[in-house]
Amino acid sequence: MNGYFDWNATAPLHPAAREAWLEVSARFWYNPSGLYREGAEARERLEECRERAAELLGCEPGEIVFTSGATEADNAVLHWAAGHGAAPVVVSAIEHPAVSEPAAAWLGGRLRSWPCRADGRAELGWLADFLEWERPALVSLMAANNETGALQPWREAAELCARHGVRFHCDAAQWCGRLPSEGLGSCDFVTVSGHKFGGPKGVGLLKLPAGLNGFRSFRGGQQEERRRAGTENLPGVAAMLAAWEAVEVLASDAAAAPAEARDAFEARLTSAVPDMEILPRGVPRLWNTSLLLVPRGANVKWVARLSRSGFQVSTGSACSRGGGASEVLAAMGIPAERAGAALRISSGWSTVASDWEALAARLTALADEIG
Ligand code: PLP
C-alpha cells in the first residue's frame, strides 16, 4: 500500500528526474558561463531545457527564467510590481503565502484583495467591475488552489486583463504536472514549481514578458539575461524538465478522463460517514485533491492517527504549518472552528485505486474511534 496523500505539499522524485539529474550532474557540471568548450556545452544544455519549458507552456524561450522554486518566482513578480508606479495591485484572497505575504509587505495601500466565492473560486465579476474603473499595475490569480483544489478562472482573468492592457500573473504551482500546461504561456507572468510534480526540490521557473523593463530578481551576475543572478542549477533544471515531460502525458489524460479514483473515494467515504463534509462543491477541482471537514475532533488528531497507520495527509497547506487558521477557508466564509476540521488529501502519479480504498476504510474506522 502507498499511503502518501500529501502530493500538494510535495511529490517523490520521478524516476525520469533522477536519471536526468545523475546524467547532467556527471557530464555537464561545468559553469554554463564558462568560456571554454565544456562551459559552452553546459550552456547549450541549459538553453535546450529553456526551449522545452517554453514548448510546454506555449511561450518563447526568452520568456523563461529558471528560479529556486515558486516562492522565489512569486516574490520576484510582486517585487517588480511594488517597484513600478503607484497603481493598485490586485491579489486574489486565496493566494498562497508566497504571493500574499510579499504583497502585504511591499504594497501597503496599493494592495486590493480580490474576493472569492463560497465555492472557493475567485469572483470573476468583481474583477470585471474593477477593471472598468481602475488600471492596476498587476493582477495575480493562481491556477488551482493548493488547499481546496478549486480550479480558478485564470484564462478568463488573463483575457480580461489583456483587453484592459493590464499585466496578469498566474501562480501555476499546483496546475503544472496535473493538468495540461499549454495555454499558460498566454499569461504575462507564470510561476512553476518543480517539486510539485516530481522534479527536485528547490527548482522552478518564472515565465515573464520578454524585455520587461527593469526586471531584476536577484542582482549580481549576468545570468538569465541579468534577470536572475546566480549560477544556474543545470542538473536541477534538467531533472525538472524530465519529470514535467513525463507527467504532462498523464496531465492530458487527466483532463480528458478526470478524477475517477478520487470521486469513488469521496462517494464511499460520505456513504459510510454521512457527517463527513467535502469542500468545495459544484466547482471544477484538481483531480487529485479532496478537502474533508472531519465530523469530530481536531484535524491534527486525525493527521496523527492516520500517520500511525501509514497514511500521510495534511491539515491544509504544508507551508502554513503552525501558522493558524487557513486564510483560504476564511476567504470562503468558513468559520475558524470549522476550518480546524480540515483534512487535505492529495494524490499523484504513483497512487492507485486500492490506495484510495484503503484510506477510505481507515477514515471510516477513525470516525468511530474519535468520539
Ligand atoms: N504557490 C503555490 C500555489 C503552492 O502550492 C506552493 C507550495 O505549496 C508554492 C507557491 C511554493 O512553492 P515552492 O515550494 O516551489 O517555493
Non-local residues with an amide H under 5 Å from the amide H of G204, with H modelled 1.01 Å from N and Pro and chain starts lacking one, are T67, S68, G69, G194
Two pseudo-spin positions, 7 Å from Cα along C-beta at A330 and at A104, lie apart in nanometres by 0.7
Residues meeting the amide H criterion for L111 (H placed from the backbone, H to H distance under 5 Å, 5 or more places apart or on another chain) are V89
Extend 7 Å from the Cα of S271 along its Cα-to-C-beta direction; within segment 332-371, residues with backbone N under 17 Å of that point are 354, 356-365
When every protein chain stays in place and a 1.4 Å probe is rolled, S193, S25 sorted by accessible area with the largest first are S25, S193
Applied in sequence order to segment 261-276, the curve 6.51 cos²θ - 1.76 cosθ + 1.60 (Karplus, θ = phi - 60°) yields integer Hz couplings, x standing for Gly and Pro, of 5, 5, 5, 5, 4, 5, 5, 4, 5, 6, 6, 7, 10, x, 8, 7
Using alpha carbon centers only, segment 1-78 is separated from segment 135-177 by a whole-angstrom value of 23
For R37 and A365, extending 7 Å from Cα along the Cα-Cβ vector and measuring point to point gives, in nm, a value of 6.3
Residues meeting the amide H criterion for Q223 (H placed from the backbone, H to H distance under 5 Å, 5 or more places apart or on another chain) are G230
Toy charge model, Lys and Arg Cβ at +1, Asp and Glu Cβ at -1: segment 201-244 dipole around Cα centroid in debye, rounded to 20, equals 180
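Report, to the nearest whole %, how much of the accessible area of the chain belongs to carbon and sulfur atoms, 1.4 Å probe, protein only.
The value for the chain is 52 percent carbon and sulfur by accessible area.
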Expected unfolding gain across R308-R226 under the 0.36 nm per residue rule, minus the alpha-carbon gap, is 24.6 nm
Taking Cα atoms only, helix 353-369 is inclined relative to the longest principal axis of the chain by an angle, in degrees rounded to 10, of 50
Relative to the chain, whose Cα atoms define the longest principal axis, helix 15-27 and its Cα axis are tilted in degrees, nearest 10, by 30
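For the chain, what is the accessible area per residue in Å², given a 1.4 Å probe and the full set of protein chains?
Numbers: 15340 Å² over 371 residues.
For the chain, the per-residue accessible area is 41 Å².
The values are calculated or read from the model by the stated rules, or taken from the named source; none is laboratory data. Note that the structure is a prediction, hence the values are computed from the model and not measured. Using ideal geometry, Cβ is built from the backbone for each residue, glycine included, and neighbour counts are taken over all protein chains shown. Accessible surface is based on the protein model in full, side chains and every heavy atom, while ligands, DNA and RNA are left aside. Shrake-Rupley method; radii C 1.70, N 1.55, O 1.52, S 1.80 Å.
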